[in-house]
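Asker: Sharing a structure here in structure tokens format.
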Amino acid sequence: MLWTKKDLLGLEYLSKEEIELILETAESFKEVTTREIKKVPALRGKTVVNLFYEPSTRTRVSFEVAAKRLSADVINIAVETSSVRKGETLIDTGKNIQALKADILVVRHNCSGAPALLARSLAINVVNAGDGWHEHPTQALLDIFTLKEKLGRIEGLRVVIVGDIAHSRVCRSNIWGLSKLGAKVTVCAPEMLIPPGIGEMGAAVTCDIDEALKDADAVNVLRMQFERDEPTAFPEQLEYFKNYGITEERLKRVKRNIIVMHPGPINRGVEIASVVADGQNSVILEQVTNGIAVRMAVLFLVAQANEAKG
Amino acid sequence: MKLLIKGGRVIDPANNIDEVLDILAEDGNITRLAKDIDVPGEQTIEAAGKIVMPALVDMHVHLREPGREDKETIKSGTLAALKGGVASVLVMPNTEPAMDSAENIRMLTGLIKNSSYANVYICGAITKGRYGKELTGIAKLKNEGVVAISDDGAAVDNEELLLKALLEAKEHRLPAICHCEDRKLSNKGVMNSGLISTRLGLRGISRESEYKRVERDVSLAERISSPIHITHLSCKESVEIIARAKKKAVKVTCDSAPHYFSLSEEALLDYDTNMKMNPPLRTKEDVTAIKQALKDGTIDAIASDHAPQTINEKEIEFERAEFGVIGLETLLSVSITELVETGILSFSELIKRAALNPAKILKINKGTLSIGADADIAIIDPYKQWTVRKEEIVSRSKNSSFLGRQLKGVVEYTIVNGKIAYPF
Amino acid sequence: MQEKAKLLDVETIARSLMRIAHEILEHNRGSQNLAIVGIRSRGAHLARRLAECIKKIDNKEIPVGILDITLYRDDLTLLAAQPVVHKTEINFDIQDKNIILVDDVLYTGRTIRCALSELIDFGRPKSIQLAVLVDRGHRELPIRADYVGKNIPTSQDEMVEVHLAEVDGKDEVVIVER
């Protein structure tokens, strides 16, 4: 299996084999992160630019650590955004970064499709670090990596994604990735947070969390993305926690060793109870650790794709 | 000034003509239609193997002047029209300033007189500034020569106000053109709502936002038995509502644009902003319904909704990009490729929908080759292929949905008032 | 590509390894404080075999590690085929150990250069010694082997292929023409 893609824009666009290659490569990188010296010279002399149009700490830091452990130089650019902002267009910004002879552009944008626009317009590698409601491929890859590490396989697993399905790029990427690898995905949320047609993407849809969690091997808990829509697009918080919150009480009725995941940041008491977030079933911090290995693998692979071409 | 067109297949649905004939135009009018006309020494076009037809009448066009001459001007827009075989256009009132007063329309009339290369008709605004608050006074606008009224780009939300406007339009025998969109329902959406919008993570525009408003506007027209024209139909339900109304003899007419019968929402999968328009591209099922409605006559007219936008407004993030695509230069070829080549319409039926019917709806003396009519004629090679290329677009903006597409039917001549206006 | 000659077979390979094992023990005065690290993939198999040889002589288990040097290569840009990243497995502390680094063929020395860089990132061994099954010459870096199975003078147009039962089904060393 060879990696041939210049960019990583989403899991929708990857084959099962490509996803497996990333996961396997990430396993090797995870070993690197356990060493005394956690740094390898693989991307020495390369420059990675983190271009972030949305405030983000964890993803940006994770990409930065990943790039540095590959010996790449890292430049972080945070762009002030507002809908009325006038100024340089996205393509112009991208072309300027390319002119600085950067090699890999990691981009986070509040508009769906912005990384695709950059990838089309630029010769350098573009990695999507989350775009609008569209995709967040590296988050889903690290979720899948963590699941596989914990349970030994993905094929046949029952995975529930609960929460703000409508506005979630993490959810979309997880549906594509998990279903390509043979897991059964169920999305669960109040009706108002279920986007049209999501069932046709390969996920079962339900509004009943207890039903969904029955026989589930893992649950991925999403937060409400209040910043992405009008207040009227969301359910009332207390009501939501009562009906959909992942609580100790709820977990008592399901598989004892169910894996609880969360892409962060956590809103304790809104979508997940504190005791669960910190409890035995939670792998939330392992997800963070695995995120670095997965992002190292992605950066390494897209950089190689470039070399193979050139 | 005489012009003779010899040996072409003349198609004129107004007179049920479809045969090889010669046409003579004198001083801007058609004067003879017969076999083997011989007028020695006059300008002659040999049209053997070509179709000779009334030039198209495009009843939904944005030429952006005055106000946004960076997108299009009356000159560039009318030249684009000529390249597409279009000799007459109706320009929508959403210019800057809007066409909402006698003064503004006088100004536009002056601009047209100075710089247009084709026939440009003006559509006046229904409400001041197109804000949907206060009527413009249709009598005044008619005095300045508008042939229709519309708030296109915006819908008149206030039912009472629209009712009043329809009554006024009826009194002055002006067609009222309705852009049907309930903005509360379209909710800042950027594409059709459904699986594809969910996959792309884009905010959807529901079908209800269109057809519920079509339903309302049609029932208003029915209530006061006043004519109404619904523009740019995009979905199946809208078609069904119009079909039912027509059965009940409600005076409703409607049009759809080439992109709605040739492209579906799948075209947006790589976030191509040249596929972003309002109403949005819908599903394959809707495309089929629009085609069927064009065949059975539920949809009366084909109009381009030519909406030029600059690169700065299109080569950006999809959500931030402007709605709209250009269409004057591809109107005829897309229609031939998608409707005639596929056996849905005959050439005669296509000409009826793209020339005769719009002229009838606007009550203008166009769209026919009758003796005495204005000599607005298109001569086309119906079987020649061409590829839409950015560099060859005449319009000032290049935002076409059909870039790179191979189309059938090439316009060889466009004649306006008896003069060869294209090739330039 | 055409096979020109068979240089070693199953017996000569076994004998070479046993000789190297004796030399290692002699040079290091026994097996205490010794560890073997093989370079993926054939060097790793040779490393395991060498450890068995030493056990036969000295009756002591010595730790064996595997090094994947992909991430340390300086020629990633020149490779036609994309390398696949595998795990490095060194589950012991290399600090102050005498490390026997093992590979199948010593050629330009660049692979060994990568391996040395990577090894040193794991700690500070007392010494690193190099054992190879074949030394074919044409060095591009100042590197030499401490233990050699067979020296084979070659031309640049030739390739030396080491086949091992673990991956190739049989033991042999052949020379092929490009």
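Asker: Picking from C:S117, B:S333, B:S76, whose Cα lies most toward the positive end of the charge dipole for the protein assembly as shown (charges on Cβ: Lys, Arg +1; Asp, Glu -1)?
Answerer: C:S117
Asker: Can you work out ³J(HN,Hα) from phi for every residue in segment B:364-378, in order, using Karplus 6.51 cos²θ - 1.76 cosθ + 1.60 and θ = phi - 60°, giving whole Hz and x for Gly and Pro?
Answerer: For segment B:364-378, the Karplus curve yields 10, 7, 9, x, 9, 10, 4, 4, x, 6, 4, 7, 9, 10, 10 Hz.
Asker: A further question on this structure: How many partner chain Cβ atoms sit within 10 Å of a residue's Cβ in peptide A:196-202, on average, as a whole number?
Answerer: Across the residues of A:196-202, the mean count of other-chain Cβ atoms within 10 Å is 4.
Asker: Anyone know which of B:L268, B:L166, B:L56 comes out most mobile in the 10 Å Cα GNM of chain B?
Answerer: In this elastic network of chain B, the residue with the biggest mean-square fluctuation among B:L268, B:L166, B:L56 is B:L268.
Asker: Here is a follow-up. Of all beta bridges DSSP finds with both residues in the protein assembly as shown, what is the antiparallel percent, to the nearest 5? Please list the in-between numbers first.
Answerer: Values: 44 of 131 bridges.
Roughly 35 percent of the DSSP beta bridges within the protein assembly as shown come out antiparallel.
Asker: Taking the Cα centre of chain C as origin, work out the dipole magnitude from +1 charges on Lys and Arg Cβ and -1 charges on Asp and Glu Cβ, in debye rounded to 20.
Answerer: Its charge dipole is roughly 380 debye.
Asker: Would you calculate a helix-derived [θ] at 222 nm for the protein assembly as shown, using -39,500 (n - 2.57) for each DSSP H run of n ≥ 4 and dividing by the full residue count, to the nearest 500? All intermediate terms of the calculation are to be shown ahead of the outcome.
Answerer: Values: 29 runs with 292 residues, N = 912.
The helix-only estimate for the protein assembly as shown comes to -9500 deg cm²/dmol at 222 nm.
Asker: Now, a different point. Can you pull the one-decimal nm distance between simple spin-label points at A:A78 and C:N151, each 7 Å off the Cα toward Cβ?
Answerer: 6.3
Asker: How many partner chain Cβ atoms sit within 10 Å of a residue's Cβ in peptide B:186-196, on average, as a whole number? Intermediate results must be reported in sequence, preceding the final value.
Answerer: Working: counts 0, 3, 2, 0, 2, 0, 1, 3, 4, 7, 3.
Rounded to a whole number, the mean comes out at 2.
Asker: Over chain C, what is the percentage of antiparallel beta bridges among all DSSP beta bridges, to the nearest 5?
Answerer: 35
Asker: Here's something else I'd like to know. Give the calculated FRET efficiency between B:E285 and C:H22 to the nearest 0.05, with a Förster radius of 60 Å applied to their Cβ-Cβ distance. Walk me through the intermediate numbers first.
Answerer: Values: r = 81 Å, r/R0 = 1.35.
Calculated transfer efficiency: 0.15.
Asker: With a cut-off of 8 Å between alpha carbons and a minimum separation of six or more residues, what is the relative contact order of chain B in percent?
Answerer: Values: 1039 pairs, mean separation 85.8, N = 424.
Answer for chain B is 20 percent.
Asker: Let's see if you can work this out: charge +1 on each Lys and Arg Cβ, -1 on each Asp and Glu Cβ, no other charges. What is the dipole magnitude of chain B about its Cα centre, in debye to the nearest 20? Could you put the intermediate results ahead of the total?
Answerer: Numbers: 57 positive and 61 negative charges, 114 e Å.
Dipole size: approximately 540 debye.
Asker: Averaged across A:35-47, how many Cβ atoms of other chains sit within 10 Å of each residue's Cβ atom? Could you put the intermediate results ahead of the total?
Answerer: Working: counts 6, 6, 5, 1, 2, 9, 8, 7, 2, 4, 0, 0, 0.
Mean number of neighbouring Cβ atoms from other chains: 4.
Asker: Also, I was wondering about something else. For each of B:H172, B:H62, count neighbouring Cβ atoms within 10 Å of the residue's Cβ, then give the residues from fewest to most.
Answerer: Working: B:H172 14, B:H62 25.
Ranked by crowding around the Cβ, least crowded first: B:H172, B:H62.
Asker: Follow-up. With a cut-off of 20 Å, note down the residues of segment C:98-137 whose backbone N falls inside the zone around a label point 7 Å from the Cα of C:V84 toward its beta carbon.
Answerer: Under 20 Å, as judged by backbone N against the label point of C:V84, lie C:104 of segment C:98-137.
Asker: Here is a further query. Give the relative contact order (percent, whole number) for segment A:137-287; include only Cα pairs under 8 Å separated by 6+ residues.
Answerer: Working: 269 pairs, mean separation 36.8, N = 151.
Worked out over segment A:137-287, it gives 24 percent.
Asker: Okay, moving on. Based on alpha-carbon positions alone, could you give the equivalent ellipsoid semi-axes of segment B:366-407 from the gyration tensor, as √(5λ), descending, whole Å?
Answerer: Details: eigenvalues 171, 42, 12 Å².
Listed largest to smallest, the semi-axes of segment B:366-407 are 29, 14, 8 Å.
Asker: Exposure proxy check: A:C171, A:C188 ranked by fewest other beta carbons within 10 Å? Let's see the in-between values first.
Answerer: On the way: A:C171 31, A:C188 25.
The most exposed by this proxy come first: A:C188, A:C171.
Asker: So between B:Q292 and B:S225, what do we pick up on full extension, going 0.36 nm a residue minus the alpha carbon distance?
Answerer: Numbers: separation 67, 0.36 × 67 = 24.12 nm, distance 2.68 nm.
Full extension from B:Q292 to B:S225 adds 21.4 nm.
Asker: Could you compute the FRET efficiency for B:K2 and B:K113, with r as their C-beta to C-beta distance and R0 at 41 Å, rounded to 0.05? Mind dumping the intermediate values first?
Answerer: Values: r = 25 Å, r/R0 = 0.62.
So the FRET efficiency works out to roughly 0.95.
Asker: Count neighbours as other Cβ atoms within 10 Å of each site's Cβ, and list the trypsin sites (Lys or Arg not before Pro) in segment C:1-78 that are DSSP loop with at most 10 such neighbours.
Answerer: Details: sites: C:K4, C:K6, C:R15, C:R19, C:R29, C:R40, C:R42, C:R48, C:R49, C:K55, C:K56, C:K60, C:R73; in loops: C:R29, C:R40, C:K60, C:R73.
Qualifying residues, ordered by number: C:R29.
Asker: Work out how much length C:I120 to C:K55 would gain on full extension: take 0.36 nm times their residue separation and subtract the Cα-Cα distance, in nm to one decimal. Please list the in-between numbers first.
Answerer: Details: separation 65, 0.36 × 65 = 23.40 nm, distance 2.63 nm.
Net length gain for the segment: 20.8 nm.
Asker: I want to verify a result. In a Gaussian network model of chain B, Cα cutoff 10 Å, which of these has the top mean-square fluctuation: B:D381, B:D152, B:D58?
Answerer: With Cα springs under 10 Å in chain B, the top fluctuation among B:D381, B:D152, B:D58 is at B:D381.
Asker: What do you get for GluC sites (Glu not before Pro) in segment A:1-66 restricted to DSSP loop and a cutoff of at most 15 other Cβ within 10 Å of the site's Cβ? Before the final figure, lay out each step's value.
Answerer: Working: sites: A:E12, A:E17, A:E18, A:E20, A:E24, A:E27, A:E31, A:E36, A:E64; in loops: A:E36.
Answer by residue number: A:E36.
Asker: Looking at B:V20, C:S16, B:L108, which one has the Cα that reaches farthest to the positive end of the dipole of the protein assembly as shown (charges on Cβ: Lys, Arg +1; Asp, Glu -1)?
Answerer: About the Cα centre, the residue reaching furthest to the positive side is C:S16.
Asker: Could I ask something else about it? Calculate how steeply helix B:102-115 sits against the longest principal axis of the alpha-carbon atoms of chain B, using the helix alpha-carbon long axis, and give the answer as 0 to 90 degrees to the nearest 10.
Answerer: Tilt of helix B:102-115: around 40 degrees.
Asker: Go through B:V410, A:N257, B:S262 and say which Cα lies farthest out towards the positive end of the charge dipole of the protein assembly as shown; charges sit on Cβ, +1 for Lys and Arg, -1 for Asp and Glu.
Answerer: A:N257
Asker: Let me ask another. When B:V61, B:V252 are ordered from fewest to most other Cβ atoms inside 10 Å of their Cβ, what list results?
Answerer: Working: B:V61 30, B:V252 23.
Going from sparsest to densest Cβ surroundings: B:V252, B:V61.
Asker: How would the protein assembly as shown be classified by its alpha-carbon gyration tensor: rounded, prolate or oblate, with rounded meaning a/c under 1.5 and the a/b versus b/c comparison settling the rest? Can you show the working numbers first?
Answerer: Numbers: a/c = 3.26, a/b = 2.05, b/c = 1.59.
Prolate shape, in that a/c is at least 1.5 and a/b is the bigger ratio.
Asker: OK, next. Scan chain C and hand back the longest stretch that contains none of the GluC sites (Glu not before Pro) lying in DSSP loops with at most 14 other Cβ atoms within 10 Å. Write down the numbers at each step before the final one.
Answerer: Working: sites that count: C:E61, C:E140.
Answer from the scan: C:62-139.
Asker: Please label the shape of segment C:1-106 as rounded, prolate or oblate, based on the square roots a ≥ b ≥ c of the eigenvalues of the alpha-carbon gyration tensor (a/c under 1.5 means rounded; beyond that, a/b larger than b/c means prolate, else oblate). Could you put the intermediate results ahead of the total?
Answerer: Working: a/c = 2.62, a/b = 1.26, b/c = 2.08.
Here segment C:1-106 falls in the oblate category.
Asker: Between A:T89 and B:N365, what FRET efficiency follows from the Cβ-Cβ distance if R0 is 60 Å, with the result rounded to 0.05? Walk me through the numbers before you get to the answer.
Answerer: Details: r = 47 Å, r/R0 = 0.78.
About 0.80, to the nearest 0.05.
Asker: Also, I was wondering about something else. Under a Cβ-only charge scheme (Lys and Arg +1, Asp and Glu -1), can you give me the dipole magnitude of the protein assembly as shown about the Cα centre, in debye to the nearest 20?
Answerer: Details: 121 positive and 130 negative charges, 131 e Å.
My answer is approximately 620 debye.
Asker: Something else: Compute the helix-to-body angle for B:208-223: its Cα long axis versus the longest principal axis of chain B, expressed 0 to 90° and rounded to tens.
Answerer: 70
Asker: Take every DSSP beta bridge with both residues inside chain A and express the antiparallel ones as a percent of the total, to the nearest 5.
Answerer: Details: 1 of 37 bridges.
Antiparallel bridges: around 5 percent, rounded to the nearest 5.
Asker: Here's another thing I want to ask about it. I want to check the label-to-label distance for A:A99 and C:R144. Put each point 7 Å from Cα in the C-beta direction and report it in nm to one decimal.
Answerer: It works out to 5.5 nm between the two label points.
Asker: Follow-up question, since we're still on this one. Averaging sequence separations of C-alpha pairs under 8 Å and six or more residues apart, then dividing by the length of segment B:105-171, give the relative contact order as a whole percent. Write down the numbers at each step before the final one.
Answerer: On the way: 67 pairs, mean separation 21.8, N = 67.
Relative contact order, segment B:105-171: 33 percent.
Asker: Starting from the Cα of B:D36, step 7 Å along the direction of its Cβ; do the same at A:M1; then give the gap between the two resulting points in nm.
Answerer: Using points 7 Å along Cα→Cβ, the separation is 7.8 nm.
Asker: Mean-square fluctuation check for chain C, GNM, Cα pairs under 10 Å: which of C:L119, C:L50, C:L71 is largest?
Answerer: Largest GNM mean-square fluctuation: C:L71.
Readers should treat all values here as calculations from the given coordinates under stated rules, not as data from a laboratory. Remember, predicted model here, so these are calculated numbers, not experimental data. Positions of Cβ are backbone-derived with ideal geometry, glycine not excepted, and every protein chain shown enters the neighbour counts.
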